[in-house]
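Colleague: Below is a structure I'd like to ask you about.
Only the coordinates and a few stated rules stand behind these numbers; no lab work does. All values derive from a computational prediction rather than experimental measurement. Glycine also receives a Cβ, built like all others from the backbone with ideal geometry; neighbour counts cover every protein chain displayed.
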Amino acid sequence: MPRVRTGESVVARVVRVLEAFTPDDPALSVTEIARRSGLHVATASRLVAELSAHGLLARRDGAVRVGVRMWELAQRASPTLSLREAAMPFLEDLHAVIGHHVQLGVLDGDEVLFVERMSAPNAVVNYTRIAGRLSLHASSSGLVLLAHTRPEQQERALVAPMQRLTPNTPTDPRQVRELLAGIRRQGYALCPGFIHVDATGVAVPVRDGSGAVVAAIGAVVPNDGNAYVHVPALLAAARGIGRVLASH
């Protein structure tokens, strides 16, 4: 594999270019890509040109975007594709019942990655989005996933610095441990005002045919003390998704 003089591989630099794009900034200038990736502008420009030639990036209206070819390749091999397909009918029904945000998240590293989200024009504030990420300790889906992951990953998350997003965000390891134990005991996470003071996140685990937790299905509703009423609907949707996953 070719390497630059610093010892960093070309592939590593390509990854830095691709990681410059975010859900909030899907179109960037080459200069901004260079700044975010920490690369020289000439290097970033060369990599963008090569990636664009292969369809992995695309230039339009003076900006660079992720290309259709990248989406195509991701769809072919995505491990979340069958999960999303199994979940969609249940998410649609759940959204019709709840009327606010419903979402499907998976554990990716030390964050929760949201692979699907449904919303409504007048729904309560929600910072999640498709292909967006949140910290495990702050989100209901993240806490559900953390509660059911390997002990060593739980410990790694508990010793890492935890950002306080609101006065209600749990940042003390002992408090988070108690939350995780409660989630395993009661089967759901309830997070009033953890990410935004006006919203409550509520989530439950989704299990595959072997009983392993593979995702979390959640809702973001007003922080009015009534979020718990949505737990039965979430549990029913999670069981339905699990049955579909087990049948494949």
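Colleague: Of ILE130, SER82, ALA157, which is farthest towards the positive pole of region 67-158's charge dipole, taken about the Cα centre with +1 and -1 on the beta-carbons of Lys, Arg and Asp, Glu respectively?
Modeller: Positive-most Cα among the choices belongs to ILE130.
Colleague: Pop a pseudo-label 7 angstrom from the Cα along the beta-carbon direction at both GLN186 and SER82 and give the gap in nm to one decimal.
Modeller: Each label point is offset 7 Å from its Cα along the Cβ direction, giving 3.4 nm.
Colleague: Let me ask something additional. Local charge sum around ARG156 (other residues, Cβ-Cβ under 15 Å, Lys/Arg +1, Asp/Glu -1)?
Modeller: Value of the local net charge: -3.
Colleague: Rank PRO222, PRO170, PRO121 by mean-square fluctuation in a GNM of the chain with C-alpha springs under 10 angstrom and give only the top-ranked residue.
Modeller: Largest GNM mean-square fluctuation: PRO121.
Colleague: Continuing with this model, one more query. Could you check the simple spin-label distance between LEU235 and SER45, using points 7 Å along Cα→Cβ, in nm with one decimal?
Modeller: 6.1 nm
Colleague: Work out from phi, with θ = phi - 60° and the Karplus expression 6.51 cos²θ - 1.76 cosθ + 1.60, the ³J(HN,Hα) of each residue of region 195-207, listed in order in whole Hz, and give x for Gly and Pro.
Modeller: 3J(HN,Hα) across region 195-207, in whole Hz: 9, 9, 5, 8, 10, 10, x, 9, 8, 9, x, 10, 10.
Colleague: Let me ask something else about it. Using the Karplus equation 6.51 cos²θ - 1.76 cosθ + 1.60 (θ = phi - 60°), what ³J(HN,Hα) coupling, rounded to whole Hz, does each residue of region 101-113 give in order, writing x for Gly and Pro?
Modeller: With coefficients 6.51, -1.76 and 1.60, one gets 7, 10, 8, 10, x, 10, 7, 9, x, 9, 9, 9, 9 Hz.
Colleague: For region 46-51, just list the computed ³J(HN,Hα) in residue order, Karplus coefficients 6.51, -1.76 and 1.60, θ = phi - 60°, integers in Hz, with x standing in for Gly and Pro.
Modeller: 5, 5, 4, 4, 5, 5
Colleague: How large is the helix-only mean residue ellipticity at 222 nm for the chain, computed as the sum of -39500 (n - 2.57) over DSSP H runs with n ≥ 4, divided by its residue count, in deg cm²/dmol to the nearest 500?
Modeller: So the helix-based figure for the chain works out to -13000 deg cm²/dmol.
Colleague: OK, next. Figure the gain on full extension for ARG69 and ASP108 (residue separation times 0.36 nm, minus the Cα-Cα span) and round it to one decimal in nm.
Modeller: My answer for the length gained is 11.7 nm.
Colleague: Would you mind finding the longest exposed-site-free stretch of the chain, with exposed GluC sites (Glu not before Pro) meaning DSSP loop and at most 15 other Cβ atoms within 10 Å?
Modeller: Within the chain, the longest run free of exposed GluC sites (Glu not before Pro) spans 20-248.
Colleague: Please compute the length gained on full extension between GLU155 and ARG243, using 0.36 nm multiplied by the number of residues separating them and subtracting their Cα-Cα distance.
Modeller: Between GLU155 and ARG243, full extension yields an extra 28.6 nm.
Colleague: Is there a quick way to get the dipole size of the chain? I mean about its Cα centre, with the Cβ of Lys and Arg at +1 and of Asp and Glu at -1; what is the value in debye to the nearest 20?
Modeller: Taking the Cα centre of the chain as origin, the dipole is about 600 debye.
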